[in-house]
Amino acid sequence: MNDDSRSRLENFFGYAHDLGLGPFYVSRNSPPSLVSAANIARAQSMPIEQASALASQSAGPGRSSPLAASTPALRARPGLPVIQGSSGPSLFEDRIENDSLERIRQDIGDCTRCKLHKSRTNIVFGVGNPRAELVFVGEGPGHDEDVRGEPFVGRAGKLLTQMIEAMGLCRQDVYICNVVKCRPPENRLPERDEIETCSPFLSRQLAVIQPKVICCLGACSAQTLLQTNQGISRFRGEWFDYRGGKLIATYHPAYLLRNPNAKGEVWKDLQKVMAVLGLKPKPRR
Ligand code: URA
């Protein structure tokens, strides 16, 4: 084996180790990437839900495809295609023992796992209360976040801060993070392979924090966590189960900057979150 192949293989196994997949490789004889729904979807140009069914089949009874296995338990709802959990144990529901935000950050390291590392300035891991009852999940850092290494600090971030304060909270009360930790160039959407590579770290962050409510900001995070490709307007404002917690999706603050008329819809969604968390709106001065 030449040095390049060896180093690529080492990186691959290092990544699997960072995700806590060690036992998976010991006890199963095909690497998860071979049967992942996302890979099938990419290869076959088919919707992810259909691919997931195929992935479960190819994984065989009692074995779960990594993607389907990490599927949160969603409330069945007509119209929102949901990947049904498979019968095997979940790789990500089986929490990594003694996992912590610090350990996840260490595992990310000076990441070069996807192409986003080439143009980033800083990895934007997440900020806020590690025991937050409420976590906001955005899509990926923009320019200001990349420079500062902190999520939601640009124009959209200022609006998010106002939204949090209107809920009677401050930024330090909640936890804020993104699906991908490095800025996509030209503020483009994160691509499928980037999301696949990075979102397991988000999964671990959520497993460690165990918030009562996850509020997805925009389609990217909602579609990633709910594993659907439906448009956000079809299911925003609705409650879903996410591994024992509740998940709601609302429009991204950047969308609100372009479409201020949608602020009322978002406020309604946030009021639902407040009702669940027993929060009172900040009194207007
Ligand atoms: N948009 C996001 O989705 N995340 C950020 O951190 C900033 C802008």
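Worth pointing out:
- Residue-span extension gain [GLU102 to ASN229] - 0.36 nm each, minus C-alpha spacing: 42.6 nm
- Rounded to whole numbers, the Karplus 3J(HN,Hα) couplings from phi for region 247-261 are 10, 9, 10, 9, 5, 6, x, 5, 5, 5, 5, 8, 10, x, 5 Hz, using 6.51 cos²θ - 1.76 cosθ + 1.60 with θ = phi - 60°, and x at Gly and Pro.
- Each peptide in 100-108, 143-151 gets a packing score, the mean of other Cβ atoms within 10 Å over its residues, and the list from highest to lowest is 143-151, 100-108.
- Candidate cross-link partners of LYS212 among the lysines, defined by an alpha-carbon separation under 27 Å and a same-chain spacing of 8 or more, comprise LYS158, LYS181, LYS246, LYS263, LYS268, LYS272, LYS280, LYS282.
- Each part gets one Cα centre, and for region 89-165 versus region 166-190 those centres are 7 Å apart.
- Annotation for THR112 and THR161: the two label points, set 7 Å from Cα along the Cα-Cβ direction, are 3.6 nm apart.
- Taking each residue as 0.36 nm, the span from LYS280 to GLN210 lengthens on full extension beyond its C-alpha to C-alpha distance by 23.0 nm.
- Averaged over residues, the count of other Cβ atoms within 10 Å places the peptides 272-281, 155-164 in the sequence 155-164, 272-281, highest first.
- Distant-in-sequence amide H partners of ARG243 (H built 1.01 Å from N, under 5 Å): ALA73
- Take each peptide in 227-234, 191-198, count the other Cβ atoms within 10 Å of every residue, and average; sorted highest first, the result is 191-198, 227-234.
The numbers here are math on the coordinates, done by the rules we state, and not lab data. Source: prediction; values computed, not measured. We place every Cβ from the backbone using ideal geometry, glycine too, and count neighbours over all the protein chains shown.
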